[in-house]
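In what follows, a single structure is set out as structure tokens and then discussed.
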């Protein structure tokens, strides 16, 4: 397992690369060019700038999250070929600086969705929270405003300029079914994967977060059956998964450890985090510790270890603790604690394996 840490860029993150480097076992950053609109080819000079910043601190840039996909590709519009060509060129540029994995998602309009960015937990920390009843009653535009209010940093997936005309976006998806969306994903992959193969890059699709329909929009990366179907769309080692325990695990019907065991050879990138699911289906993000949430993080990490996982992993969202000023879900302190919890499990498994083999 190769530990990495998401970093949003110089001037766009309260966490510094100097701090990232001090977390035990972290070897690289998970990054993106958040100022480049979805669909545009990434400028090579901006890519090089991130590479130089990371290397100054002894960190690599082998994992990108995300090269966002233009809505025209998801909608299957005639203009999609233009955006797919730009995507191919970006893949080529990223390969030239050593990138090995590109995480992306295929969620219509919205990326991740929460109703509260700082819900207080019993210990006084705060965390991202999803309250289902509020989704039924809220205007989507009001939610966009709430996510971005008082934010001095970018909120990937919730860019106000991209979501300025939600009425038009919703109208575009009015007749798009889940089968249509899956077909459009297949078209995208059939065009992209040969380029990824040529440049030794693994594309890794991220699950829907949360893994169910929001505002009536189609969602197709929700469960084990969806994941298997997506892998079969283009059966290639370059067509892989970003297995996110928190996204998939917010639906109690999803057995994340079982998915790890099933798809281990097609997971180049793992997101590991915990959630506490309430009886009514609402959920809040917790510490990574198994006992604090509804997911068996110990079993999930064990599943990776059993399968000799050598891919990249990062602690996903953390709580906001010790009065840290940070991007919602992406503070330094709790994610660093999460890394040490994951390493603790991993090291214990390594020691037990060594004893068995002795």
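The values are calculated or read from the model by the stated rules, or taken from the named source; none is laboratory data. Small disclaimer: the values here were computed from a predicted structure and weren't measured. Cβ: placed from backbone, ideal geometry, glycine included. Neighbour counts: every protein chain shown.
Scan region 109-133 residue by residue and report those that are under 30 Å from residue 193 (Cα atoms) and within 15 Å of the chain's Cα centre (by Cα).
110, 111, 112, 113
Against the definition (under 20 Å from residue 206 (Cβ atoms), in contact (Cβ under 8 Å) with a residue 24 or more places away in the chain, surrounded by 17 or more Cβ atoms within 10 Å (Cβ to Cβ) and out of contact with any helix residue (DSSP H, G or I) (no Cβ under 8 Å at 6 or more places or on another chain)), how does residue 30 come out, yes or no?
yes
From the list 50, 144, which residue is within 20 Å of the chain's Cα centre (by Cα), surrounded by fewer than 21 Cβ atoms within 10 Å (Cβ to Cβ) and within 30 Å of residue 251 (Cβ to Cβ)?
Unique residue meeting the criteria: 144.
Give me a count of the residues in region 268-285 that are part of a loop (DSSP other than H, G, I, E, B), surrounded by fewer than 24 Cβ atoms within 10 Å (Cβ to Cβ) and touching a strand residue (DSSP E or B) at 6+ places or on another chain (Cβ under 9 Å). It would help to see each step written out before you state the result.
Let us first name the residues in region 268-285 that are part of a loop (DSSP other than H, G, I, E, B), namely 268, 273-274, 278-282.
With the extra rule that they be surrounded by fewer than 24 Cβ atoms within 10 Å (Cβ to Cβ), the set shrinks to 278-282.
This time we only want the ones that are touching a strand residue (DSSP E or B) at 6+ places or on another chain (Cβ under 9 Å), so: 278, 281-282.
Number of matching residues: 3.
Just to be sure I understand, how many residues within region 150-181 are in a helix (DSSP H, G or I), within 29 Å of residue 238 (Cα to Cα) and either modelled with pLDDT under 75 or touching a helix residue (DSSP H, G or I) at 6+ places or on another chain (Cβ under 7 Å) (or both)? Before you say what the answer is, go through the steps one by one.
Initial filter on region 150-181 (in a helix (DSSP H, G or I)): 166-172, 178-181.
Next, only the ones that are within 29 Å of residue 238 (Cα to Cα) stay: 178-181.
Subset that is either modelled with pLDDT under 75 or touching a helix residue (DSSP H, G or I) at 6+ places or on another chain (Cβ under 7 Å) (or both): 181.
Number of matching residues: 1.
Which condition from (1) under 24 Å from residue 183 (Cβ atoms); (2) in contact (Cβ under 8 Å) with a residue 24 or more places away in the chain; (3) surrounded by fewer than 16 Cβ atoms within 10 Å (Cβ to Cβ) is the one that residue 232 breaks?
So residue 232 meets the others, but not (2).
Output the residues belonging to region 286-299 that are surrounded by fewer than 23 Cβ atoms within 10 Å (Cβ to Cβ) and not in a loop (DSSP other than H, G, I, E, B).
290, 291, 292, 298, 299
Based on this model, can you work out whether residue 200 counts as at positive phi, at pLDDT 95 or above and in contact with a helix residue (DSSP H, G or I) (Cβ under 8 Å, 6 or more places away or on another chain)?
Here the answer is yes, as residue 200 does meet what is asked.
Please enumerate the residues belonging to region 53-73 that are more than 18 Å from residue 313 (Cα to Cα), out of contact with any helix residue (DSSP H, G or I) (no Cβ under 9 Å at 6 or more places or on another chain) and crowded, with 20+ Cβ neighbours inside 10 Å.
Within region 53-73, 68 is the sole residue that qualifies.
Looking at region 43-66, which of its residues are closer than 23 Å to residue 111 by Cβ and in contact with a strand residue (DSSP E or B) (Cβ under 9 Å, 6 or more places away or on another chain)?
Here is the first cut: in region 43-66, the residues closer than 23 Å to residue 111 by Cβ are 43, 46-47, 50, 61-66.
If the condition is that a residue be closer than 23 Å to residue 111 by Cβ and in contact with a strand residue (DSSP E or B) (Cβ under 9 Å, 6 or more places away or on another chain), then 47, 50, 61, 62, 63, 64, 65, 66 are the ones that fit.
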